[in-house]
Structures are given as structure tokens and as C-alpha cells.
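Okay, structure first, notes after.
Each reported figure results from applying straightforward, stated rules to the coordinates on display, with no laboratory input. The shown structure was predicted, so the numbers you read here are calculated from the model rather than taken from an experiment. Every residue, glycine among them, receives a Cβ derived from its backbone with ideal geometry; neighbour counts consider all protein chains shown.
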Amino acid sequence: MSPAFPLADSPWLSLPPASGGPAVEHSLRHVLLEAHTLGELVVSSPTQRPAVLRHSLLPVVVDALGRPADEREWVRWFEAGRWSDEQRERLDVYLDEYAFDLFDPQRPFAQVPDLRTAKDETKGAGLLVATEATGNNVPLFASRTEGDPPKLTPPQAAHWLLHAHCWDTAAIKSGAVGDPKTKAGKTTGNPTGPLGQMGVTLPTGRTLYETLLLNIPAGPPLRSDDLPQWKRPETATPQWQERLPAGLLEVWTWQSRRIRLIPEETDEGLRVIRVVVAAGDRMPHTPEFDPHTMWRLEPTGKPRAGTSRTGKIRPPRRPLRMQPGKAAWRGLDALLAPERQARDASEDTAGFATSVLFDQAGAVRADLGDDYPLRVELTGMAYGNQSAVVEDVMFDALPLPLAALGGDTLAHAAVLEVAEQAEDLVRAVNRLSADLRRAMGAEPIPWDKSQRPGELLLHALDPLVRRFLAGLRRAGEDLDAIEAGQLAWEQLARRRAWEVADRLLQSVPLAAYAGRTISQGEGRQDRTYRASLAEASFTNRCDEILHRATEDRRQAGRPLMPGDDDV
């Protein structure tokens with residue numbers, strides 16, 4: 001007899017109460033029906049959260065209940081704070097019909113029954129786990145080898161199964177029996193999972209119920225052929241195809257791999273130790289209706305044809321991806337570019353637009369209130385070696401003032417100004433470092449080699465930017481409060497910038513104050529670099545960037561150079 005683990009009624013989703021307390025594992029049914037009482041989904045890797053939301057919670061809600069027809073209906077749902085009795089009943093009936101059994105012999109959830117290779121080969125369950133060593137994917141600090149695969153509990157297996165559909169590495173996959181595209185027992189040219197092509201932008205609220213609604217775009221009824229994977233019999237076969245998804249439900253539950261979990265009884269209970277992973281459906285590009293990404297708008301003068309190798313057409317907009325080591329607030333210009341006021345692309349310059357979800361949140365901010373504690377989670381994955389290995393998992397979360405989502409608000413301008421000031425200060429510190437090194441007879445630190453001092457300043461400014469964003473929620477559109485917050489930010493940012501600058505200035509030898517003259521080439525005037533000139537230039541630049549703090553010091557009669565009286 002086959003083991004059973006119906007996700008609808010088995011505990012596999014870990015969430016704490018919304019009022020606080022330890023997380024408890026719940027079934028899908030309990031989580032959806034009681035979403036208003038639960039907090040944030042707890043996962044072992046941040047990349048699992050969008051995978052679980054997109055592959056189970058969100059499509060069940062939208063397929064069972066439909067979606068709000070417009071923003072007014074969305075607000076009514078949101079203000080209700082919980083599902084109505086009728087909506088609860090419809091969710092209950094839906095989950096009775098689709099139990100989502102992880103090990104069902106006929107239709108295992110998000111898998112292909114009897115999936116096998118020509119030689120009946122299986123691989124360790126670590127193939128599903130991004131942080132485990134398997135094949136060419138060997139994380140630097142992996143705790144086990146490929147010969148010692150993890151023993152996944154059913155809840156763990158469910159999470160990593162959905163994670164593989166979203167984030168799996170690219171390159172060669174096992175060839176499945178029944179797949180006509182298999183050659184020599186394998187398939188090549190497999191792209192990464194669809195979320196690996198984007199920086200996932202996920203709004204979250206005070207309860208799971210609010211988070212679910214914040215991730216559902218309002219709009220007309222979905223197309224009749226837009227179905228989740230459990231209603232698509234073709235996804236339960238080894239055959240796959242390259243095409244665009246029909247709509248929201250299909251893109252959320254996209255089967256980018258064909259997978260079979262192999263459960264077995266152990267001394268510790270039911271475990272998944274072996275799996276089969278083969279090629280799955282491929283998207284030519286991320287469809288524009290995907291709600292969980294920000295977009296780069298291609299320059300209008302750029303040819304739309306792809307490379308000569310593929311000959312594919314380049315879409316007019318592409319998902320923005322996260323950059324390793326870059327804090328989320330450094331991309332606020334894209335996050336806060338509403339679709340209604342997106343920065344248009346010119347002939348030579350790219351533009352950008354925010355996700356449809358943040359555009360929607362900005363449109364209903366008057367109903368939610370400017371002090372609503374909206375938070376944005378940004379998740380991404382960096383791949384290496386032709387996207388066949390995982391190099392880094394990126395995650396950041398920001399408090400996001402709702403008022404900043406309005407393109408013509410004071411809060412919007414303030415947020416962008418603070419982010420720009422931080423970047424300008426980083427450039428000023430790096431320029432100070434370069435000038436000091438030239439004064440010593442050395443070359444500046446290359447931008448792509450080693451760590452430049454600007455990175456130290458970014459680390460010091462990061463908590464200040466986050467504190468400013470959190471405080472801006474309370475300020476709303478109060479000009480005096482916003483100005484006071486910006487002044488406080490500039491005063492603290494000035495102190496942090498000079499702390500880094502002082503370390504640089506104190507580390508140079510006396511010879512740097514004598515300076516060094518560098519020839520600029522024929523017909524150009526030679527340039528002299530001295531530590532004193534570099535310091536003066538940095539001071540002037542800080543005064544320009546942090547103009548409120550500079551003016552405040554002038555009015556108070558305090559010196560513009562840093563000293564013991566500094567803030």
C-alpha cells in the first residue's frame with residue numbers, strides 16, 4: 001500500500017499566531033481558512049517562501065474564489081480582515097476535491113507518477129535542496145557529501161519539491177522514458193527555474209490573510225484555459241514543451257521540471273531519500289503578467305532580435321534581478337516606479353517599472369492608510385558555471401511607506417533622495433580613497449577587485465536608511481515631519497561618512513601630504529594629488545550631498561569640518 005501525505009489535511013506549513021508566539025505546523029486547509037489568525041510563513045530558506053506561496057496558497061485561493069474584479073472590490077476583501085463564510089465554504093469544498101497528496105500513486109502533487117530513466121536510475125534527495133552538494137553543485141560550506149543524501153521528511157520534501165520547480169539549476173537533466181526530446185539518456189539546454197530569472201518582489205502584511213491579498217492582483221476573470229498544474233493532465237507526463245503560460249494560475253504553478261519523489265519507511269519514519277528529476281516545461285521569457293517582479297524597460301532604439309545563436313526576439317521588458325551583496329533599498333528607484341508613472345525608456349537609455357502588486361498597493365493607499373506596516377521581501381538566486389550551480393541566495397526585507405508608492409508624494413521624493421544621497425556618499429568615499437592612494441604613489445583600488453571603503457560606508461548607512469523608511473510610515477505626508485526625518489538622516493549619515501574618511505586619512509603616511517604630481521598626457525595640465533586636497537574635496541562633496549545638515553550647522557554657527565562637536 002502506498003504511503004499517503006495529503007497536503008490539504010497534513011501538517012506541513014509552519015506559521016506562528018499573528019499575535020505572536022512560536023510557529024506551529026498546520027495543514028493547507030487550516031492555513032487558508034484561518035489565515036487571519038496566522039503570521040508569516042516560516043521556511044528553512046528564504047527562497048522557499050515565494051515557491052510555497054505561488055505553488056499552493058495563492059493559486060488555491062484564486063482558483064477557488066476568483067480574484068477581486070477591481071481595486072474597489074479588493075479593498076472590500078481587505079477591510080473584511082478574513083474570509084466570509086461563503087468563501088470559507090468554497091475553499092473547504094475545493095480542498096475536499098483536491099487533496100494534493102504528495103505520494104498519490106496516480107497523481108502525486110506536482111510530480112509525474114512512475115517517472116523513470118531508461119536505466120531506472122535515481123539520485124539523492126539533495127538534488128532538490130539548493131544548499132546540498134550534488135553533482136557539480138557543491139556549496140563551499142556544505143555539511144554533507146553527495147554520497148550522504150539528506151533524509152527529507154514529507155513536509156521538507158514538499159517544500160523542496162516546490163522550490164525545485166521555481167529555482168532549480170540549469171544545464172543537463174536526466175532523460176525520462178516517454179520524453180521524445182531525450183538524447184543519449186539526457187536533455188540539454190534546460191534553463192533555471194522561472195524564479196531564477198528574476199528578483200522576486202513579495203509584499204507582506206500583518207497577517208497571512210493580508211499577505212495573500214497583497215499578492216493577488218485585482219482584475220477581470222481569468223482566461224478559461226488558465227489552469228493550475230493539478231488541473232493540467234499534460235504536466236503529469238514525461239513530455240514537456242516550450243511555450244508561454246496562459247495566465248496567472250499557470251505561471252504560478254509552472255512545472256519547470258518533471259519530478260518523482262520516492263518515499264520509503266525508515267527507523268525515523270517516512271522519508272524521501274531518492275528522487276528522479278528530469279526536464280520540464282520551458283518559458284521563452286517571463287510573461288508581462290507575472291506579478292512578482294520589477295521590470296527593466298529596454299531602450300527603444302535597441303534591436304529586438306536576440307543573439308544570432310538563438311535568433312529569439314527580445315521582449316520589450318525584462319525582469320530585474322537582484323545583485324549579490326546589494327541591499328534592497330539601493331533599488332528603490334525601480335521599486336517605487338509605479339506602472340502609471342514608470343520611467344519610460346528612451347532610444348539609448350533603459351527605463352523601469354515596479355511590479356503590478358506595488359502599483360496596486362499605491363493605488364489603494366488612501367484606504368489602507370499611510371501608516372500601514374507594509375513590508376517588501378526581495379529574494380533572488382545567483383548561479384555560476386553556466387547556471388549549473390548555486391553561488392548565492394539573496395534575501396532582503398524592507399519597511400516600505402505606502403505614501404512612497406505615490407509617484408507625486410513628498411514621501412516618494414524623500415525616499416529616492418535618501419537612497420541617492422547614500423550612493424553619492426559612497427562614491428565620495430571611494431573618490432577620497434583613490435585620491436589618497438594617488439598621493440602615496442599607488443593606483444586606486446579597481447572597482448571589481450577587493451573591497452573598496454565605500455562598501456564599509458554602505459554597511460554603516462544600511463540601518464540608518466531602514467530606520468528612515470520605518471519612520472516615514474508615521475510621517476505620512478506631513479512636510480515638517482519628513483523634513484525633520486531627512487535632517488536627522490543627514491546628520492547621522494555625515495557622522496558615518498566621516499568615521500570611514502577619518503580611518504582613511506589616518507592611515508596615510510606623511511609623504512601623502514607632500515603630494516605627487518601625475519602627468520595627464522600631452523596637451524593636458526599635470527595634476528597634483530595631496531592628502532589635504534583630497535580631504536578638502538571630500539568635505540565639499542559631503543556639504544553638497546547633505547545640504548540640510550550643512551545648512552543646519554551654518555545656522556548654528558558650528559564648524560563645517562567634523563570635530564568633537566559633531567552630531
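List the residues, sorted by chain then number, that are 5 or more residues from R258 or on another chain and whose placed amide H is less than 5 Å from its amide H.
Residues meeting the criterion, in which the H sits 1.01 Å from N, are A278, A279, G280.
Kindly state, to the nearest 0.05, the FRET efficiency for R474 paired with S2, given R0 = 45 Å and r defined as their beta-carbon distance. Numbers along the way, then the final one.
Values: r = 56 Å, r/R0 = 1.23.
It comes to 0.20.
Quick one: net charge around L95, please, counting Lys, Arg +1 and Asp, Glu -1 for every other residue with C-beta under 9 Å from its C-beta. List each step's numbers first, then the result.
Values: positive: R29; negative: D9, D92, D96, E97.
Summing Lys and Arg as +1 and Asp and Glu as -1 gives -3.
Within 10 Å of each residue's Cβ, count the other Cβ atoms and sort V276, V389 from fewest upward. Walk me through the numbers before you get to the answer.
Numbers: V276 24, V389 19.
With the sparsest Cβ surroundings first, the list reads V389, V276.
Can you give me the C-alpha center-to-center distance between segment 43-97 and segment 167-191, rounded to a whole angstrom?
About 34 Å separates the Cα centre of segment 43-97 from the one of segment 167-191.
Once the dipole of segment 409-555 is set up with Lys and Arg at +1 and Asp and Glu at -1 on Cβ about the Cα centre, which of A512, H547, L416 lies farthest towards its positive end?
Checking the options against the dipole of segment 409-555, the answer is A512.
Starting from the Kirkwood radius over alpha-carbon pairs of segment 442-538, derive D by Stokes-Einstein at 20 °C in a medium of 1.002 mPa s and give it in µm² s⁻¹. Display every interim value, and only then the final one.
Values: Rh = 16.6 Å.
The Stokes-Einstein estimate is 129 µm²/s.
In nm, what is the difference between 0.36 nm times the number of residues separating T122 and A556 and their Cα-Cα distance? Don't skip to the answer; put the middle values down first.
On the way: separation 434, 0.36 × 434 = 156.24 nm, distance 7.36 nm.
That pair, T122 and A556, stretches by 148.9 nm at full extension.
Which entries in the list K151/K173; K119/K186; K173/K231; K151/K186; K186/K231 go over 19 Å, if you measure between the two C-alpha atoms of each?
On the way: K151/K173 22 Å; K119/K186 12 Å; K173/K231 25 Å; K151/K186 26 Å; K186/K231 28 Å.
Over 19 Å Cα-Cα: K151/K173; K173/K231; K151/K186; K186/K231.
What spacing in nm lies between the two simple spin-label points modelled at H459 and A514, each 7 Å away from Cα in the Cβ direction?
Simple spin-label model gives 3.4 nm for this pair.
Hey, how much of the P(r) for segment 1-143 falls beyond 24 Å, as a percent of Cα pairs? If you can, show how the numbers build up before the last one.
Numbers: 4630 of 10153 pairs.
The share of Cα pairs beyond 24 Å in segment 1-143 comes to 46 percent.
For a footprinting-style exposure proxy, rank V129, V52 by other Cβ within 10 Å, fewest first.
On the way: V129 24, V52 21.
Result, fewest neighbours first: V52, V129.
How high is the FRET efficiency from Q241 to I445, r the C-beta distance, R0 60 Å, rounded to 0.05? Before the final figure, lay out each step's value.
Values: r = 49 Å, r/R0 = 0.82.
That gives a FRET efficiency of 0.75.
Per residue, how big is the convex hull of segment 13-399 when only Cα atoms are used? Give it in Å³.
Details: hull volume 59.7 nm³, N = 387.
Spread over its residues, the Cα hull of segment 13-399 gives 154 Å³ apiece.
Would you compute, from DSSP H runs of 4+ residues alone, the mean residue ellipticity of the chain at 222 nm, taking -39500 (n - 2.57) per run and dividing by the full residue count, rounded to the nearest 500?
On the way: 17 runs with 193 residues, N = 567.
Estimated from H runs of four or more residues: -10500 deg cm²/dmol.
Would you mind pulling out the separation of the Cα centroids of segment 347-409 and segment 475-527, in Å?
Distance between centres, Cα-based: 30 Å.
Which of the helices in the chain meet the span-like rule: DSSP H, Cα axial reach of 24 Å or more, Kyte-Doolittle mean at least -1.0? Kindly include the intermediate steps, with their values, before the conclusion.
On the way: long enough: 410-439 (43 Å, 0.12); 453-475 (33 Å, 0.30); 479-506 (40 Å, -0.35).
The answer, listed by residue number, is 410-439, 453-475, 479-506.
Once you place label points 7 Å from the Cα toward the Cβ at R427 and A69, how far apart are they in nm?
It works out to 5.0 nm between the two label points.
What does the extension gain come out to for Q506 and S537, with contour length at 0.36 nm per residue minus their alpha carbon separation?
Details: separation 31, 0.36 × 31 = 11.16 nm, distance 1.65 nm.
Gain in length upon complete extension: 9.5 nm.
Could you please rank L461, L492, placing first whichever residue has the fewest other Cβ atoms within 10 Å of its Cβ?
Listed from fewest to most nearby Cβ atoms, that is L492, L461.
Looking only at segment 382-426, which residues have a backbone nitrogen under 20 Å from a spot 7 Å from the Cα of R330 in the C-beta direction?
382-384, 391-400, 415-426
Taking 2.2 N^0.38 Å as the expected size of a compact globular protein, what ratio does the Cα radius of gyration of segment 149-218 give against it, to two decimals?
On the way: Rg = 17.1 Å, N = 70, 2.2 N^0.38 = 11.1 Å.
Compactness ratio reported: 1.54.
Taking only C-alpha pairs under 8 Å that are 6+ residues apart, what is the relative contact order of the chain in percent? Spell out each step's value before the answer.
Numbers: 1077 pairs, mean separation 68.4, N = 567.
Across the chain, relative contact order equals 12 percent.
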